[in-house]
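The values are calculated or read from the model by the stated rules, or taken from the named source; none is laboratory data. Just so we're clear, the structure is a prediction, and the values are computed from it rather than from any experiment. Glycine gets a Cβ as well: all are built from the backbone with ideal geometry, and neighbour counts include every protein chain shown.
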Amino acid sequence: MLAGETDAFERFVDHFRSKVFHYSWLMCGRPEDAEEVAQDTLLKVFENFAQLRDPARVRAWVFRIARNACLMQRRKSIFAPAHELSLDELAPSAEIPTGEPQPEAILLDSELRAVLDRVIAELPPVYRAVVLLRDLEELSTEDTAQILDLGTDVVKTRLHRGRVAMRQKLDCYLHNHCLEDQPSPNPAPLSERERAELLSIWRSAVAPRAR
């Protein structure tokens with residue numbers, strides 16, 4: 001195996017594993033579940049790499065796989081909610097005043113990233129999924145809609161309502177400190193078994209296509 005191919009593997013895993021872990025932790029609710037989702041996602045990405053038609057859209061493709069893996073993990077987790085709210089069950093949202101900074105722009109200091117994570121984690125899942133992909137991962141409306149199997153208008157509506165809810169919670173934190181500061185978890189280092197499993201599939205399914 002050429003050293004360059006192994007380097008590409010390491011860069012890909014380092015880049016996407018932390019992103020998928022963060023997304024999955026906020027959607028699944030537990031670091032342990034997020035670890036499993038991140039590993040399952042990378043395995044499926046490498047196994048199905050031949051299905052990637054447009055390399056420029058690799059991020060959207062990876063997150064679609066992560067979303068499906070997260071849904072499967074939530075279904076089998078004892079910590080999954082018994083019922084998730086639909087849009088019809090949520091109270092009507094207020095409007096964000098025109099010209100006001102968006103919620104994600106308020107907390108730029110790295111020390112406050114954990115607060116932003118807490119705020120996002122408290123959003124209803126239908127809003128949380130959109131906010132994570134649009135605001136944190138900076139995917140387009142179209143890519144987000146494709147990943148979540150939604151129409152673009154629905155994505156825009158949920159993003160707006162999610163931002164309103166975030167703004168209200170962030171205002172509460174900034175003025176009344178009504179959220180506790182708790183550090184966000186980071187993925188544990190890959191075990192030798194996990195790394196070997198990923199590298200084996202990379203070598204058989206991904207590396208040959210790059211030659």
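Quick grid of which residues meet (1) within 20 Å of residue 60 (Cα to Cα); (2) at pLDDT below 90; (3) in contact with a Pro (Cβ under 9 Å, 6 or more places away or on another chain); (4) of a type outside the set (Ser, Thr, Tyr):
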{"position": "108", "(1), (2), (3), (4)": "no, yes, no, yes"}
{"position": "129", "(1), (2), (3), (4)": "yes, no, no, yes"}
{"position": "155", "(1), (2), (3), (4)": "yes, no, no, yes"}
{"position": "179", "(1), (2), (3), (4)": "no, yes, no, yes"}
{"position": "183", "(1), (2), (3), (4)": "no, yes, no, yes"}
{"position": "197", "(1), (2), (3), (4)": "no, no, no, yes"}
{"position": "200", "(1), (2), (3), (4)": "no, no, no, no"}
{"position": "203", "(1), (2), (3), (4)": "no, yes, no, yes"}
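Rundown of residues vs (1) surrounded by 15 or more Cβ atoms within 10 Å (Cβ to Cβ); (2) within 10 Å of the chain's Cα centre (by Cα); (3) touching a residue at least 12 places away in the same chain (Cβ under 8 Å); (4) more than 21 Å from residue 113 (Cβ to Cβ), yes/no style:
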position	(1), (2), (3), (4)
11	no, no, no, yes
19	yes, yes, yes, no
23	yes, yes, yes, no
31	yes, no, yes, no
39	yes, no, yes, yes
44	yes, no, yes, yes
48	no, no, yes, yes
51	no, no, no, yes
66	yes, yes, yes, no
